[in-house]
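To start, the structure itself, in structure tokens.
The values are calculated or read from the model by the stated rules, or taken from the named source; none is laboratory data. Please read all numbers here as calculations on a predicted model, not as lab measurements. Reconstructed Cβ throughout: ideal geometry from the backbone, glycine too, with neighbour counts over all protein chains shown.
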Amino acid sequence: MISMKESEAFSAMFRAYDRRVYYTAYRYLGSRDEAADITQEVFLRAWKNRDSYDPQRPVFPWLFRITKNLCINKSKRKSGSEAGLEFPELQPGTESVEYEVTQRESRKEIRDAVMALPEKFREIIILKHYDECSYDEMAEILNIPKGTVMSRLFNARKILKEILEEKHEL
């Protein structure tokens, strides 16, 4: 039997993390519909496996691992299509059309540069700058020491800067 307290706690977790899980899935799959499906699956799996969650640890790393694994499995099942990290478009404001076009080109250039990074650097950039994870959360998700997170992030930013600078020299 499910207790009311347990149900309320799960509902609170869903409200707190559903958008982060959705955008993580969207970046892996590049499809809004697939990201929505994965988000539902993540919380279904989290509910079914709630006994395996250690309440002494942060919630998002646990949800992130479930999300990443489901996305990887879905990507492997996709036939003949490349799955890759996608970044949601920002909502256009009242800026001029020229400004909006420039912003879109910049976002695409950055996305392409992030995708060109080796996986361990790409993942750390995404966790920090797109999923807005703390150093502690990144260490938990990647199962590496916090110092390694900081070092890897520094190196990833350095490589990313070099990729972007090289592109502008062409």
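Data overview
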| quantity | calculated |
| --- | --- |
| Whichever residue in region 46-78 is more than 19 Å from SER134 (Cβ to Cβ), charged (D, E, K, R) and surrounded by 11 or more Cβ atoms within 10 Å (Cβ to Cβ) and, among such residues, is nearest to the chain's Cα centre (by Cα) | LYS74 |
| Selection status of HIS168, part of a helix (DSSP H, G or I) and more than 19 Å from PHE60 (Cα to Cα) | yes |
| Hits in region 132-160 (condition: surrounded by fewer than 19 Cβ atoms within 10 Å (Cβ to Cβ) and assigned to a loop (DSSP other than H, G, I, E, B)) | GLU132, SER134, ASN143, ILE144, PRO145 |
| Those residues of region 108-131 which are surrounded by 15 or more Cβ atoms within 10 Å (Cβ to Cβ), at pLDDT below 85 and assigned to a helix (DSSP H, G or I), in sequence order | ILE110, ARG111, TYR130 |
